[in-house]
Amino acid sequence: MSAVYSGTIDAIGKTPLIKLKKASELTGCTIYGKAEFMNPGGSVKDRAALSIVRDAEAKGLLKPGGTIVEGTAGNTGIGLTVVAKALGYQTVIVIPETQTQEKKDTLRFFGAELVEVPAAPYSNPNNFQHVARRLAAKLDKERSGGAIFADQFDNVANRNAHIHTTAPEIINQLDGKIDGFICAAGTGGTIAGMSMGLKAYDPSIQIGLADPMGANLYNYYKNGELKGAGNSISEGIGQSRITGNLEGAVIDHPYQVTDQEALPLMYDLMAEEGLCTGSSSGINIGGAMKLAKEMGPGKTIVTLLCDSGTRYMSRLFNPDFLDSKDIPVPDWLRRGHAGET
Ligand code: PMP
């Protein structure tokens with residue numbers, strides 16, 4: 001029997017664990033994906049959004065009718081807007097213009113005020129996070145209900161969502177029988193919160209990081225150097241600095257996962273197992289398989305299916321786009337569908 005919820009807020013989290021058959025068979029481990037795409041806003045970021053909003057309310061920062069301002073690759077903005085709709089707030093979302101049209105359209109249709117900015121590194125004052133912080137300070141003075149900066153990268157209310165909801169859910173779902181957990185990092189809230197939550201339960205649970213190419217965290221956790229090279233088409237992941245959320249998190253096994261490794265896993269999951277995810281889920285599954293191989297057969301490893309592939313149809317399912325990025329295109333995708341020929 002599935003649960004009956006009192007409203008949208010109550011429906012955030014409590015997502016199922018789905019066994020990933022092929023990844024499990026290929027490694028001899030049991031690999032589960034936590035189906036975060038089933039959240040009301042369609043991604044893992046609903047959890048962080050709710051936690052950030054509740055924290056700001058409790059601190060008296062967010063007032064009735066107030067405005068929540070955030071810089072986001074999209075999913076946090078969607079999560080914040082879902083929460084804002086349910087609780088009576090407004091959202092202003094600053095998004096790099098490089099993110100998919102699907103995410104921008106979703107935000108606009110939901111009624112978020114969207115501010116698109118050119119992509120710029122964190123060191124540039126015009127980076128989306130800095131623009132959002134300045135805009136929040138300005139709107140706080142101008143708007144009757146005031147405005148807050150959600151600050152998902154450095155506000156630890158983000159990782160607390162995973163310490164207090166995602167980690168205990170997984171422990172309960174598996175009766176504590178979990179050997180390893182792995183995912184990629186955007187803000188780092190998920191990986192840090194999961195590491196803290198799972199290790200508080202059992203310090204022997206191994207935590208892996210699946211880092212996309214171009215991010216700096218793999219080298220940092222491997223040898224203390226914040227540097228990286230290459231690039232990835234995955235949106236929402238790939239961090240260059242130790243964010244407030246990442247501070248103090250224990251990562252036992254850092255791995256790099258290339259798009260060329262990750263994307264075929266994401267396509268196979270759709271074509272063979274019927275789960276349509278975004279590419280950060282492919283990076284996560286690639287990482288889970290590396291962790292499984294390192295830990296040896298018979299282990300139980302959990303990763304996250306962060307969001308749905310429908311959020312990226314114009315790119316991940318567009319052979320012209322994939323060709324331009326040197327990503328192998330599955331035959332079925334060139335044909336136009338994963339059905340019989
Ligand atoms: N996958 C996707 C699709 C995301 O949007 C995000 C968040 N930006 C992540 C993974 C990473 O989550 P976190 O910010 O908690 O590191």
Subtracting the Cα-Cα distance of Lys19 and Leu174 from 0.36 nm times their residue separation yields 54.6 nm
By the scheme Lys and Arg +1, Asp and Glu -1, what is the net charge of all other residues having a beta-carbon under 14 Å from that of Gly180? +2
Taking 1 over the mean of 1/r across every pair of different Cα atoms in the chain, what Kirkwood radius in Å do you get? 20.1 Å
Multiply the residue separation of Arg334 and Lys293 by 0.36 nm, subtract the distance between their alpha-carbon atoms, and state the gained length in nm to one decimal. 11.6 nm
Work out the charge dipole of the range 191-253 with +1 on the Cβ of Lys and Arg and -1 on the Cβ of Asp and Glu about the Cα centre, then indicate which of Ile237, Ala215, Tyr201 is farthest towards its positive end. Ala215
Between the Cα axis of helix 101-110 and the main Cα principal axis of the chain, the angle (0 to 90°, nearest 10) is 40 degrees
Helical contribution to [θ] at 222 nm, DSSP H n ≥ 4, -39,500 (n - 2.57), averaged over the chain, rounded to 500: -12000 deg cm²/dmol
Output the pairs from Lys59/Lys103; Lys19/Lys59; Lys85/Lys290; Lys14/Lys103 with a Cα-Cα distance over 32 Å in this structure; if there are none, say none. Lys19/Lys59; Lys85/Lys290
Using only the Cα atoms of the range 213-266, each taken as one equal point scatterer with no solvent, compute I(q) by the Debye sum, divide by I(0), and report log10 of the ratio at q = 0.16, 0.17, 0.19, 0.26 Å⁻¹. -0.50, -0.56, -0.69, -1.12
Cα-centre dipole for the chain with unit charges at Cβ (Lys and Arg positive, Asp and Glu negative), debye to 20: 620 debye
What distance in nm separates the simple spin-label points at Ser240 and Gln101, each placed 7 Å from Cα in the Cβ direction? 2.8 nm
Tell me, in nm to one decimal, what length is gained between Leu26 and Ser2 on full extension, where the rule is 0.36 nm per residue of separation less the Cα-Cα distance? 5.5 nm
Return one number: the angle in degrees, 0 to 90 and rounded to the nearest 10, between the long axis of the Cα atoms of helix 45-58 and the longest principal axis of the Cα atoms of the chain. 30 degrees
Degrees separating the helix 259-273 axis from the principal Cα axis of the chain, which is the longest one: 80 degrees
Yeah, the range 54-138 with a ≥ b ≥ c from its alpha-carbon gyration tensor (a/c under 1.5 is rounded, else prolate when a/b outruns b/c, oblate otherwise) is oblate
Once you sort the root eigenvalues of the Cα gyration tensor of the range 133-256 as a ≥ b ≥ c, which label holds: rounded (a/c under 1.5), prolate (a/b larger than b/c) or oblate (the other case)? oblate
When you count, for each residue, the other Cβ atoms within 10 Å and take the mean per peptide, how do 180-187, 315-322 rank with the highest first? 180-187, 315-322
Does the range 236-312 come out rounded, prolate or oblate, given a ≥ b ≥ c as the square roots of the eigenvalues of its C-alpha gyration tensor, rounded meaning a/c under 1.5 and, failing that, prolate meaning a/b above b/c? oblate
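So what is the relative contact order of the chain, in percent, for Cα pairs below 8 Å that sit 6 or more residues apart?
On the way: 740 pairs, mean separation 63.4, N = 341.
Averaging sequence separation for qualifying contacts and normalising by length gives 19 percent for the chain.
No value in this document is a laboratory result; all are computed from the given coordinates. Please read all numbers here as calculations on a predicted model, not as lab measurements. Backbone-built Cβ (ideal geometry, glycine too); neighbour counts: all protein chains shown.
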